Amino acid sequence: MRPLPQMRKTNSAMRKILSATSAFALAFVLLAAGAWTLGCGGGGAGSVAPPPPPPPSITITMTPQAGTVLLGETLNFSATVSGTSDTAVVWSVDGITGGSVQAGTVSADGVYMAPTDLPSGGTVQVTATSHANTTKSATATITVSSDIALSLSVNAASVELGATRSFLATVSSKGKPDSSIHWSVNGTSCPNSCGSVDASGNYTAPQIAPGSATVNLIATSVADPSKQSSAVVTITSHFTLQLSAPANVDVGASSVLTATLTAVPGSNPNQQVSWSLQGTGCSGVSCGTLAINSSVQAAGTIPSPSTATYTAPNTPPQPNSVLVTVIALADQTKRAQANITIEPGGGSIAISPPSATLAAHHRITLTAALSGTSNSTISWSVNGIAGGNSTAGQICVTGFNPCAPYSSGTATQVDYVAPGAIPAPNPVTISASSAADSTLSASAPITVLNHVVVNVLPNTTTVAPLAVQVFTAAIQGSANQNVIWQITGSGCAQAGSCGGINSSGIYTAPAVAPTPNALQVIAVSQDDQTQWGTSNLTISKAPNILALHPASLYAGGSNGFTLRVDGSGFVGSSSNPSSTLLLGGAPRITNCFSGNSCSAPINGADVAQAGNVSISIKNPDGTLSNVVQLVVVAPNTSDDVITLTSASPAATGKDIVVVEPTTAGVDSDADELDIDVAAIGTFAVSNNTCSLAGNPISLLRPSSGASVADICLFSQAGFDTSMSYTVSGPGDISVISKQPAGLGIIHLTLQVPATAAPGERTLFIQNSNLDRTAASGVLRIE
């Protein structure tokens with residue numbers, strides 16, 4: 001009830017104000033009446049003064065009022081404000097002050113920059129609004145246009161089953177559009193059987209031949225989806241399928257059959273095959289049984305070679321032969337067959353390997369396995385000739401050179417030596433039969449080549465400077481697979497100008513492409529150095545990014561940093577113009593130290609959100625490098641402590657994410673990072689001196705209450721107060737003060753309570769870019 005007197009006072013004051021106001025109004029009326037009387041008096045010449053004119057209306061004139069601008073380009077606007085002394089305007093695009101990434105941006109000076117991707121509808125509204133009166137504005141309609149043209153590196157290509165082929169799409173424009181490409185495939189066999197293409201344009205053919213062998217590979221501009229370019233891809237199938245089976249199997253006996261699918265180098269067809277058994281004189285189990293060996297199954301497929309065990313029936317069918325067929329799932333037009341004769345005897349014989357390819361004058365060891373008979377004598381022949389001859393090749397005692405002829409005996413291993421010229425027929429047939437029972441026999445076909453053949457893979461490739469490419473060599477006709485690697489080219493006069501290749505076939509490209517940039521990689525057979533294989537190698541002259549420094553960082557850092565890009569084909573800043581670093585397709589102020597290294601500043605806003613940021617280099621001639629992703633990782637919200645002991649020295653199920661410090665882009669190789677602890681010691685407050693010494697530093701707990709301890713840290717690049725400093729543990733040790741001590745030294749004051757847990761502690765340091773380091777075990781609480 002206390003407010004009532006205050007209200008009475010207020011009401012009294014209001015009555016006084018109203019009384020005064022009424023008196024003023026009455027006086028005003030009387031004066032006005034007097035003025036009217038004077039103006040209308042007899043003979044008076046006076047008249048009533050007109051009211052003052054209204055204030056001038058604010059108007060805005062904007063030029064131009066319409067325009068067309070290419071993606072990524074700029075258009076200048078001006079606005080003239082009349083009717084007020086405040087002529088300032090606020091610029092906006094589609095109602096958003098300053099614009100947006102989607103609609104384009106406008107500066108405070110009225111410079112509109114179009115987006116790099118076409119906006120919805122293709123037009124935007126640029127508006128100038130009076131600062132003095134926000135209801136007054138002028139608007140211009142801007143058409144954002146695209147002159148993008150897309151071209152593919154090839155318009156038609158053949159790709160073997162399961163193989164990968166890289167396609168390159170080039171974006172041409174007079175503007176500065178987003179250079180990103182969306183890749184897709186279509187065709188009558190899509191989406192399940194036409195292969196796939198990744199975000200970089202690498203097309204992988206399906207592992208199984210589709211009903212339609214052609215697909216369309218489509219490159220679509222992200223900036224202007226109406227702009228596309230396509231290539232016709234033909235999916236080919238050139239693998240071979242072979243079936244190795246015995247010619248004869250005794251009744252009730254079993255034999256292992258082998259189906260081998262040999263893929264074209266670089267391809268990866270589905271390896272699975274289907275088996276079937278049939279005979280004209282039998283059906284079902286009367287033909288025997290065929291069991292696929294499931295022990296070789298992996299991931300739902302049967303890898304090549306695939307094996308099956310055939311078990312003959314106890315009674316031979318009439319006629320006494322069966323047909324085994326294997327069909328490749330990858331291409332069901334590819335099949336192999338073998339006729340097996342079912343013998344009434346009880347023995348069997350087999351040759352290993354079941355087939356081979358051999359160069360002239362080369363030899364291979366063959367092994368015969370004889371079972372089911374007590375007589376172990378084996379007869380060997382070549383094309384029906386006992387022991388062979390110089391025309392078809394010879395059977396020799398194993399390991400004897402020159403050949404010691406052999407045709408019959410108990411030896412289970414022999415050498416076959418190929419003739420000096422290709423025989424007829426070719427391949428030759430090596431047969432091994434039991435001397436006691438000629439019906440027990442086995443044969444192996446051997447193909448004879450004029451000389452060893454060296455194949456180099458990949459047979460054609462393009463690599464960037466400083467890139468690494470692995471080459472492999474496969475030698476047909478010899479057991480010796482060793483080769484001598486060489487690099488040759490007309491631009492290789494100076495040592496190292498064409499790169500180098502080691503004895504394992506690992507090639508490292510030079511820093512600068514030679515002229516001409518076409519080379520050959522040569523693999524010379526060590527077995528026969530007159531024979532070699534080649535691969536065509538091109539060193540790209542286009543810009544190429546090999547590494548980013550840093551390549552990853554945490555999102556949300558408040559400070560910017562310098563991003564360094566290492567690679568090749570860049571144009572140094574000593575040239576004018578030079579290469580430009582593009583971040584998300586947008587150019588940045590770039591400093592290229594050389595043709596192999598460029599850097600540009602990255603703002604905190606560029607990496608504020610987690611995700612990938614595309615980085616590329618654009619040369620003055622418009623050529624673009626490959627796109628490399630700068631990985632921006634969301635910082636962890638809490639720390640996890642992994643406790644390891646001598647009894648439990650390992651921890652599982654821990655996903656550890658590690659990013660690079662952003663300072664890696666600005667520090668020289670000789671300097672430490674700005675949060676790396678080079679030394680630690682104690683700080684004397686009495687004379688402001690830091691004594692850097694060994695660690696750990698002992699911190700004594702008081703008997704009660706809390707005490708303080710002063711320490712100092714040193715880094716070659718310097719610590720400062722903007723960084724955070726924390727001590728591991730349950731939060732009992734706190735940093736209550738941090739002060740610079742000069743020369744890159746920071747003075748920290750720690751509060752140590754009497755209840756602090758004893759033991760060694762780690763000091764954590766984090767800068768404003770969220771780069772973090774730890775000085776493990778540098779403090780000991782005692």
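The values are calculated or read from the model by the stated rules, or taken from the named source; none is laboratory data. Computed from a predicted structure; not experimentally measured. Note that each Cβ is placed from the backbone with ideal geometry, even for glycine, and that neighbours are counted across all protein chains shown. Heavy atoms of the whole protein, side chains included, go into the accessibility calculation; ligands, DNA and RNA do not. Shrake-Rupley method; radii C 1.70, N 1.55, O 1.52, S 1.80 Å.
Taking the stated definitions as given, is residue 485 in contact (Cβ under 8 Å) with a residue 60 or more places away in the chain and more than 22 Å from residue 597 (Cα to Cα)? Against the criterion (in contact (Cβ under 8 Å) with a residue 60 or more places away in the chain and more than 22 Å from residue 597 (Cα to Cα)), residue 485 does not qualify. When you scan region 629-642, do you find a residue that is surrounded by 13 or more Cβ atoms within 10 Å (Cβ to Cβ) and among the polar types (S, T, N, Q), even just one? Scanning region 629-642 turns up at least one residue that is surrounded by 13 or more Cβ atoms within 10 Å (Cβ to Cβ) and among the polar types (S, T, N, Q).
So residue 677 fits all but one of (1) open to solvent by less than 80 Å² (accessible area, probe 1.4 Å); (2) farther than 30 Å from residue 601 by Cα; (3) modelled with pLDDT of 85 or more; what number is the exception? Unmet condition: (2).
Among the residues making up region 616-654, a single one is more than 25 Å from residue 557 (Cα to Cα), among the aliphatic types (A, V, I, L, M) and in contact (Cβ under 8 Å) with a residue 40 or more places away in the chain: 624.
Please determine, by comparing only the residues of region 234-264 that are farther than 30 Å from residue 188 by Cβ and in a loop (DSSP other than H, G, I, E, B), which one is farthest from the chain's Cα centre (by Cα). Step by step, filter region 234-264, then rank; the result is 251. Residue 391 - would you say it is of a type outside the set (A, V, I, L, M, F, W, C), under 54 Å from the mean Cα position of the chain (by Cα) and assigned to a loop (DSSP other than H, G, I, E, B)? No.
Every residue, every condition in (1) open to solvent by less than 30 Å² (accessible area, probe 1.4 Å); (2) hydrophobic (A, V, I, L, M, F, W, C); (3) in contact with a helix residue (DSSP H, G or I) (Cβ under 8 Å, 6 or more places away or on another chain), yes or no:
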residue	(1), (2), (3)
173	no, no, no
177	yes, no, no
205	yes, yes, no
216	no, no, no
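Residues that are of a type in the set (D, E, K, R) and either within 14 Å of residue 700 (Cα to Cα) or modelled with pLDDT of 90 or more (or both) within region 724-782 comprise 732, 738, 760, 761, 780, 782, listed in sequence order. The residue of region 559-590 that is most open to solvent (accessible area, probe 1.4 Å), among those that are touching a Pro at 6+ places or on another chain (Cβ under 7 Å) and aliphatic (A, V, I, L, M), is 589.
Taking the condition open to solvent by 20 Å² or more (accessible area, probe 1.4 Å), more than 27 Å from residue 370 (Cβ to Cβ), in a strand (DSSP E or B) and touching a Pro at 6+ places or on another chain (Cβ under 9 Å), does residue 469 pass?
Yes.
Looking only at residues in region 318-330 that are in a loop (DSSP other than H, G, I, E, B) and surrounded by 19 or more Cβ atoms within 10 Å (Cβ to Cβ), the one that is modelled with the highest pLDDT is 330. Does residue 686 meet the test of being out of contact with any Leu (no Cβ under 8 Å at 6 or more places or on another chain), open to solvent by 50 Å² or more (accessible area, probe 1.4 Å), farther than 30 Å from residue 553 by Cα and not acidic (Asp, Glu)? Answer is yes for this residue. Residue count for region 591-605 satisfying the condition of being out of contact with any Lys or Arg (no Cβ under 9 Å at 6 or more places or on another chain), within 25 Å of residue 558 (Cβ to Cβ) and open to solvent by 20 Å² or more (accessible area, probe 1.4 Å): 3. Taken over region 476-495, the criterion of being open to solvent by less than 30 Å² (accessible area, probe 1.4 Å), modelled with pLDDT under 95 and assigned to a strand (DSSP E or B) is satisfied by 477 alone. Just the residues that are in contact (Cβ under 8 Å) with a residue 60 or more places away in the chain, open to solvent by less than 70 Å² (accessible area, probe 1.4 Å) and assigned to a loop (DSSP other than H, G, I, E, B), please, taken from region 496-536. Once the filter is applied, which keeps residues that are in contact (Cβ under 8 Å) with a residue 60 or more places away in the chain, open to solvent by less than 70 Å² (accessible area, probe 1.4 Å) and assigned to a loop (DSSP other than H, G, I, E, B), region 496-536 yields 511, 527, 528, 531.
For region 379-390, the criterion of a residue being open to solvent by 60 Å² or more (accessible area, probe 1.4 Å), modelled with pLDDT of 90 or more, closer than 30 Å to residue 542 by Cβ and touching a Pro at 6+ places or on another chain (Cβ under 8 Å) is satisfied by no position.
Among the candidates 106, 111, 159, 154, the residue that is surrounded by fewer than 18 Cβ atoms within 10 Å (Cβ to Cβ), modelled with pLDDT of 95 or more and within 30 Å of residue 227 (Cα to Cα) is uniquely 111. If only residues of region 726-741 that are under 19 Å from residue 685 (Cα atoms) and surrounded by 17 or more Cβ atoms within 10 Å (Cβ to Cβ) are counted, the one that is farthest from the chain's Cα centre (by Cα) is 741.
Of all residues in region 716-741, those being within 21 Å of residue 756 (Cα to Cα), of a type in the set (Gly, Ala, Ser) and assigned to a loop (DSSP other than H, G, I, E, B) number 3. Identify all residues within region 742-763 that are surrounded by fewer than 18 Cβ atoms within 10 Å (Cβ to Cβ) and outside any loop (DSSP other than H, G, I, E, B); write none if there are none. Matches in region 742-763: 742, 749, 751, 753, 759, 760, 762. In this structure, residue 420 does not qualify as on the phi > 0 side of the Ramachandran plot and open to solvent by less than 50 Å² (accessible area, probe 1.4 Å). Candidates 557, 572: the one that is small (Gly, Ala, Ser) and modelled with pLDDT under 90 is 557.
Of the listed requirements (1) in contact with a strand residue (DSSP E or B) (Cβ under 6 Å, 6 or more places away or on another chain); (2) assigned to a loop (DSSP other than H, G, I, E, B), residue 399 misses just one: (1).
The condition (being within 30 Å of residue 513 (Cβ to Cβ) and out of contact with any Asp or Glu (no Cβ under 7 Å at 6 or more places or on another chain)) is satisfied by just one residue among 629, 609: 629. For region 423-449, the candidate set comprises residues that are touching a Leu at 6+ places or on another chain (Cβ under 8 Å) and over 11 Å from residue 392 (Cβ atoms); within that set, the residue that is surrounded by the fewest Cβ atoms within 10 Å (Cβ to Cβ) is 447. Of all residues in region 331-348, exactly one satisfies the criterion of being open to solvent by less than 40 Å² (accessible area, probe 1.4 Å), within 27 Å of residue 205 (Cα to Cα) and in a strand (DSSP E or B), namely 336.
Report yes if some residue within region 610-618 is part of a loop (DSSP other than H, G, I, E, B), touching a Gly at 6+ places or on another chain (Cβ under 9 Å), modelled with pLDDT of 85 or more and open to solvent by 40 Å² or more (accessible area, probe 1.4 Å); otherwise report no.
There is at least one residue in region 610-618 that is part of a loop (DSSP other than H, G, I, E, B), touching a Gly at 6+ places or on another chain (Cβ under 9 Å), modelled with pLDDT of 85 or more and open to solvent by 40 Å² or more (accessible area, probe 1.4 Å).
Out of the residues in region 406-417 that are part of a strand (DSSP E or B) and of a type in the set (S, T, N, Q), which is most open to solvent (accessible area, probe 1.4 Å)?
413
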